[in-house]
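> Take this structure, written in structure tokens, and hold onto it; I'll ask about it next.
Just so it is clear, none of the values below were taken in a lab; they were calculated from the coordinates. This one's a predicted model, so the numbers in the text were calculated from it and none came from an experiment. Using ideal geometry, Cβ is built from the backbone for each residue, glycine included, and neighbour counts are taken over all protein chains shown.
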Amino acid sequence: MEFKNITCYGSGLIGTGWATNFLMQGCKVTLYDISEDLFPLARERIESNLKFLMDEGVFTQAQVDTFMAAFSTTTNPETALKDADFIQENGPENLELKQNIVETIEAYAKPDAVIASSTSGLNISDITACARHPERFVGGHPYNPVFLIPLVELTLGVKTDPQVLEQVLTFYKELQKEPVVLRKEAPGFIANRLQAAIIREAADLVLRGVCTVEEVDKAMLFGPGLRWGLLGPLTVSELAGGKLGIGGATRHMGVTMTKWYEDMGSWTVFPDAYVENIQGWMDASIANRDPRHGRSSEEIITFRDKGLVTLLKYHNKF
């Protein structure tokens, strides 16, 4: 790998997820944050992530020990940044704060260090508005749990160096990530927009009494969701078209789907009835889950992550 010394700037859920991912691929990782009090929980999260993967047969104890030997923490920004080849910024989603972080990074980082921001919605051009070297910044938005989900959405500032983009693309691929590049700015990027569209229609169906929360989840999970865990939605449409492909499927279903679109939810603010009732509906749905699949957030997370490992092994990610 071109980047060997990695600094994760920020020790929250995303920062520790990234740290786990970097360690898994043999990188030396320094985790930075403003207080020593934050590090016990951060280390616990990373060790828990690696132990989970060890229990799932992905790594051995010896490998995990090697990974953790390459991990360190510091509250000193100079120590954290001066030797870093690659810096993954994981600060809160606040523009002013991120601009301050950029200033700190540029004060101590090497001239050739590359910086990626985990921002989930801010423009890189705005984050680096006052940067001395905006050309070496990109957006690298992960999906949680970061150490399992391969997707990273790359966003560019108007001054991002194309060579830096290629370096980051190559590096993320070496980490077994699946990077996608936004060719133009779009609020919410790609995957969150797709999720938002599905969530709105799911909410609308429940509010209209078409189905319950449990039924809408089941319909997605045991229908399109199974296929989408293996193929993207447009490739699914390609197969649905048979010999005619996605073009044939689109022409064949176009008129019918127009009627669906006309009947679908189009609101842009969650209705009060949904906001006020969704937690109760969800609690009832969770209480009715198969106990083997989890009836608490912690149990459901374990069920989810074990399933993700199985699917990722099928995708040759482990």
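> With springs only between Cα atoms under 10 Å, which of A69, A84, A113 fluctuates most in a Gaussian network model of the chain?
The residue with the greatest mean-square fluctuation here is A69.
> Hey, what's the Kirkwood Rh for region 66-117 if you take every pair of different alpha carbons, in angstrom?
Across region 66-117, the inverse of the average 1/r is 11.9 Å.
> Can you give me the Rg/Rh ratio for region 188-318, using Cα atoms for both radii and the Kirkwood formula for Rh?
1.00
> What is the local net charge at F39, summed over the other residues whose Cβ is closer than 13 Å to its Cβ (Lys, Arg +1; Asp, Glu -1)?
-3
> Considering only DSSP beta bridges where both residues belong to the chain, give the percentage that are antiparallel (nearest 5).
Of all bridge pairs located within the chain, approximately 15 percent are antiparallel.
> Another question, if that's okay. For the chain, what does the helix formula give at 222 nm: sum of -39500 (n - 2.57) over DSSP H segments with n ≥ 4, over the residue count, nearest 500 deg cm²/dmol?
Helices in the chain give a 222 nm mean residue ellipticity of -16000 deg cm²/dmol.
> Now for a different question. Hey, what angle do you get for helix 13-24 against the long axis of the chain, alpha-carbon based, 0 to 90 degrees rounded to 10?
Between the helix axis and the principal axis of the chain, the angle is about 70 degrees.
> May I pose another question? So, with +1 on the Cβ of K and R and -1 on the Cβ of D and E, and no other charges, what is the size of the charge dipole of the chain about its Cα centre, to the nearest 20 debye?
The calculation lands at about 1060 debye.
> Please compute, for the alpha-carbon atoms of the chain, the extent along each of the three principal axes and give them in descending order in Å.
Reported extents, whole Å, longest axis first: 59, 45, 45.
> Here is a further query. Which one of V114, T155, T256 is farthest out on the positive end of the charge dipole of the chain, using unit charges on Cβ (Lys, Arg +1; Asp, Glu -1) and the Cα centre as origin?
Final value for the positive-end residue is T256.
> Compute the helix-to-body angle for 245-263: its Cα long axis versus the longest principal axis of the chain, expressed 0 to 90° and rounded to tens.
The angle comes out at about 70 degrees.
> Could I ask something else about it? For region 1-106, what is the convex hull (Cα atoms) projected area averaged across all directions, in square nanometres?
Mean shadow area of the hull around the Cα atoms is 6.7 nm².
> Then there's this: Nearest-5 percent of antiparallel DSSP beta bridges in region 128-251?
55 percent
> Would you mind ranking S72, S266 so that the residue whose beta carbon has the fewest other beta carbons within 10 Å leads the list?
S266, S72
> Going down the table (K4/K317; K173/K306; K28/K218; K177/K259; K28/K184), which pairs top 31 Å between alpha carbons?
From K4/K317; K173/K306; K28/K218; K177/K259; K28/K184, over 31 Å: K28/K218; K177/K259; K28/K184.
> How high is the relative contact order of region 5-181, in percent, counting Cα pairs under 8 Å that sit 6 or more residues apart?
Reported relative contact order: 20 percent.
> Then there is this: Averaged over every viewing direction, what's the projected area of the C-alpha convex hull for region 130-169? Give it in nm², one decimal, please.
Dividing the Cα hull surface by four gives the mean projection, 3.2 nm².
> Ok, one more. In a shell of Cβ-Cβ distance under 11 Å around D83, excluding D83 itself, what net charge do Lys and Arg (+1) and Asp and Glu (-1) give?
+2
> What is the mean projected area of the alpha carbon convex hull for region 5-181, to one decimal in square nanometres?
Over every viewing direction, the Cα hull of region 5-181 projects on average to 8.9 nm².
> Looking at the chain as a GNM with Cα springs under 10 Å, which of R251, R45, R289 has the largest mean-square fluctuation?
Per the Cα network of the chain with a 10 Å cutoff, R251 tops the list.
> Taking square-rooted eigenvalues a ≥ b ≥ c of the alpha carbon gyration tensor, is region 156-197 rounded, prolate or oblate, where a/c under 1.5 means rounded and, failing that, a/b exceeding b/c means prolate?
Because a/c hits 1.5 or more and a/b fails to exceed b/c, region 156-197 counts as oblate.
> With everything on Cα atoms, drop me the angle between helix 272-287 and the longest principal axis of the chain, reported from 0 to 90° to the nearest 10.
90 degrees
> Still on this model: For the chain, set up a GNM with springs between Cα atoms under 10 Å and report which of Q88, Q99, Q195 has the largest fluctuation.
Comparing Q88, Q99, Q195 in the GNM, the peak value goes to Q195.
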